[in-house]
Amino acid sequence: MKDRSTFRYSIGLIVILGGLAGLGALYGLPVPEGNREALLLALGIVLGWGGSVVNHEFGSSSAGRKAAEAGIRVEKETE
């Protein structure tokens, strides 16, 4: 279980730092007018991917975990 916790926090940290670095770069680096929309789109896609990983890792509630465990137990008992 400790490995999963380390993985969760590592992914969360990478996503947050990557998003902040990308947004900070938009303020600090000059972006040519023709590339601005493509850069914003690419940054949004990458942040969306990161958000889905964070949602998967941190988004489950204790009630959701209990329901999932109950479903697994029922499935094992019927086999």
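The values are calculated or read from the model by the stated rules, or taken from the named source; none is laboratory data. All figures in this text were calculated on a predicted structure; none of them were measured in a lab.
Table: residues versus (1) of a type in the set (Lys, Arg); (2) within 20 Å of the chain's Cα centre (by Cα); (3) part of a helix (DSSP H, G or I).
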residue	(1), (2), (3)
SER5	no, yes, yes
SER10	no, yes, yes
LEU13	no, yes, yes
GLY18	no, yes, yes
GLY22	no, yes, yes
ALA25	no, no, yes
VAL31	no, no, no
GLY34	no, no, yes
LEU40	no, yes, yes
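Mind listing whichever residues of region 65-79 are at pLDDT 70 or above and basic (Lys, Arg)?
Selection gives LYS66 alone.
Being of a type in the set (Asp, Glu) and at pLDDT 80 or above is the filter; apply it to region 25-64 and report the residue that is farthest from ILE11 (Cα to Cα).
We begin by selecting, within region 25-64, every residue of a type in the set (Asp, Glu); these are 33, 37, 57.
This time we only want the ones that are at pLDDT 80 or above, so: 33, 37.
On the way: GLU33: 33, GLU37: 27 Å.
Restricting to residues being of a type in the set (Asp, Glu) and at pLDDT 80 or above, the top hit is GLU33.
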